Amino acid sequence: MINRQLLIASSLSLAVTLVVGPLNPTKPAANSASAQPGARSGQSTNDGALASVRRSDDSSRGADKRLLRLSTAEHLRRANVYMTNRAFEEAREHWRAFIDYYPQEPRVPEALLGIGRSYLQSRGNAEALSTFDRLVRDYGSTKEGREGLNFSATALLRMGKPSDAADRYAQYVDRFPQGERVDTAHLNIIDTLREAGRSQEAIKWIGRTRQRFAGTPTETNALFARLRLDVAEADWQQAVVTADELSQKRFQKGVLTTPSEAAYLKAYSLDRSGKRREAIAAYLSIPDAPGAYYGWLAAERLDGLAEGTSRNLVKERNELIRSQIADVAAQYPAPYRQAILKTARARNLDPRFILAIIRQESVFRPTAKSPAGARGLLQLTIDAARKYAPGAGLSSLGENELYRPETSILVGGEYLAELAKMFPNMLEAVAASYNGGEDNVARWVKRAKHKDPGVFTAEVGFEETKGYVQKVMANYRAYRQLYTADLIRKQL
């Protein structure tokens, strides 16, 4: 598809540039197994390594079932294999054996950090905090000690203690002004103070962060934090001012927002403040394309706002996007139809949303495996799969069973259904939870305050997860246009 830019003069008080961006079909996520060359051979290698270390462990135990003393390198190697496959308790067993057998080894802090992070990933937040506190206390001068202080704040945040978490991040800034994570610590303080209801302190930290990191992506990210704060607090006038300032910044690598996202938040603020004509112009300025998430949201807002000549602009814009999606229909297949329909109907899910997830997770490759140990069509990790398997009617589940399409769809559908109950009528939040964890999403929903999907997505705190949400929803937009709710191809 040729790039097109339509310049259309509207009857509004200014000329509106209606931009239809280049065709950019959704790409697999960076961490998706399907996105990586050689993923299939990597899958067999990793699964073979997991089976191998389990066999080795069976023969490396004493009469009391405790692990025997292995070399330092071997304990750490096996721990890493288990951690990669999210076999957290088995990983911790090797790290603990390493610490017990080699208490004076320089890599003890590394083992403690591994233990703490394994608890954090498996939602054992109290155990994670205890481990990180030990790491800071005993090895505070090491890189792992600095990491421990940073991750202790994360654990506190997940335990529902945002004020304590903000104080920990501030400790990191004070103790390690040149630390590896000092820039993100500043940004984390801002959002954590917001979650603690300390908005005025957050604004002070925004100013402090912008001053220290002037001219860098961190300064731009602090300004973006101010925009999100203004929107959440319904300070529409200030939000427009902040959005205008943000639009003048360079959206370089490391900046956690985009021109379209900033433009959408400005348009939304104008919309909410009752400035209809300005809001229409602002929404129309946001580029749209098959993969343009904020362009889609702008189009939906315009459907309810536009009138007169602007209505014709919106119609032309929508027809162009429908044509672009139709041109790439072959990139949106609907395999495994019966399995998806059966799972979706039993759980009140839109089967097209399941297709959107699968397309992003594995591009419909049942043998896909990610570096994080996620397997199959829906890229389920074994810990998540075992959690939701009983609800799907499965009493036991092994790693290799996740490569079976029917099993992946059934268990993945059960997981999505539970997320949909947690976040009703919020598909963006469901997608974000599937990638970034429902505990994090609950915080982002609360922080956003408004139910608008674009406002929520702007609050998503992980760059990868935000990109994932936007790609899944772009997939969903295409599947809704191309297929009925019974996954029958529409005649366009």
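Coordinate-derived values only; no laboratory data. Owing to the predicted nature of the structure, the values given are computational and were not obtained by experimental measurement. Note that we place each Cβ from the backbone using ideal geometry, even for glycine, and neighbour counts take in every protein chain shown.
Computed values, structure above
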{"read-out": "Global form of the range 246-341, assessed from the alpha-carbon gyration tensor, a/c cut-off 1.5", "value": "oblate"}
{"read-out": "Cβ-placed point charges (K, R +1; D, E -1), dipole of the range 356-492 about Cα centre in debye, nearest 20", "value": "380 debye"}
{"read-out": "Estimated FRET transfer efficiency (Tyr101, Asp350; beta-carbon r; R0 51 Å; 0.05)", "value": "0.45"}
{"read-out": "Nearest-20 debye value, the chain charge dipole, Cβ charges on Lys, Arg, Asp, Glu", "value": "580 debye"}
{"read-out": "Modelled FRET efficiency - R0 25 Å, Ala214 with Gln171, Cβ distances, 0.05 increments", "value": "0.55"}
{"read-out": "Positive-end residue of Thr192, Val231, Ala299, charge dipole of the chain with Cβ unit charges", "value": "Ala299"}
{"read-out": "Whole-angstrom Cα spans of the range 56-122 along principal axes, big to small", "value": "32, 26, 18"}
{"read-out": "Lys/Arg +1, Asp/Glu -1 at C-beta; the chain dipole; positive extreme among Tyr139, Gly124, Ala334", "value": "Ala334"}
{"read-out": "Largest-first ellipsoid semi-axes for the chain, taking √(5λ) over the Cα gyration tensor eigenvalues, angstrom", "value": "42, 31, 17"}
{"read-out": "Dimensionless Rg ratio for the range 288-418, taking C-alpha atoms and the 2.2 N^0.38 Å reference", "value": "1.32"}
{"read-out": "The chain, helix-only ellipticity at 222 nm - DSSP H runs n ≥ 4, -39,500 (n - 2.57), divided by all residues, nearest 500", "value": "-20500 deg cm²/dmol"}
{"read-out": "When each of Lys275/Lys471; Lys369/Lys421; Lys387/Lys421; Lys275/Lys451; Lys369/Lys471 is checked by Cα-Cα distance, pairs over 22 Å", "value": "Lys275/Lys471; Lys369/Lys421"}
{"read-out": "Cα-centre dipole for the range 171-304 with unit charges at Cβ (Lys and Arg positive, Asp and Glu negative), debye to 20", "value": "300 debye"}
{"read-out": "Nearest 10 degrees, 0 to 90: helix 438-448 Cα axis against the chain principal axis", "value": "40 degrees"}
{"read-out": "Those aspartates and glutamates that a straight Cα-Cα span of less than 15 Å connects to Lys249, excepting residues fewer than 8 apart in one chain", "value": "Glu219, Glu261"}
{"read-out": "Dipole-positive endmost among Trp444, Ser396, Gln470 within the range 331-482 (Cβ charges, Cα centre)", "value": "Gln470"}
{"read-out": "Sparsely packed GluC sites (Glu not before Pro) within the range 255-305, loop by DSSP, other Cβ within 10 Å at most 10", "value": "none"}
{"read-out": "Cα-based shape type of the range 275-322, given that a ≥ b ≥ c are square roots of the gyration tensor eigenvalues and the cut on a/c is 1.5", "value": "oblate"}
{"read-out": "Space enclosed by the convex hull of the alpha-carbon atoms of the range 390-492, per residue, Å³", "value": "130 Å³"}
{"read-out": "Span per principal axis, largest first, for the Cα atoms of the range 78-185 (Å)", "value": "35, 29, 19"}
{"read-out": "Nearest 10 degrees, 0 to 90: helix 309-327 Cα axis against the chain principal axis", "value": "50 degrees"}
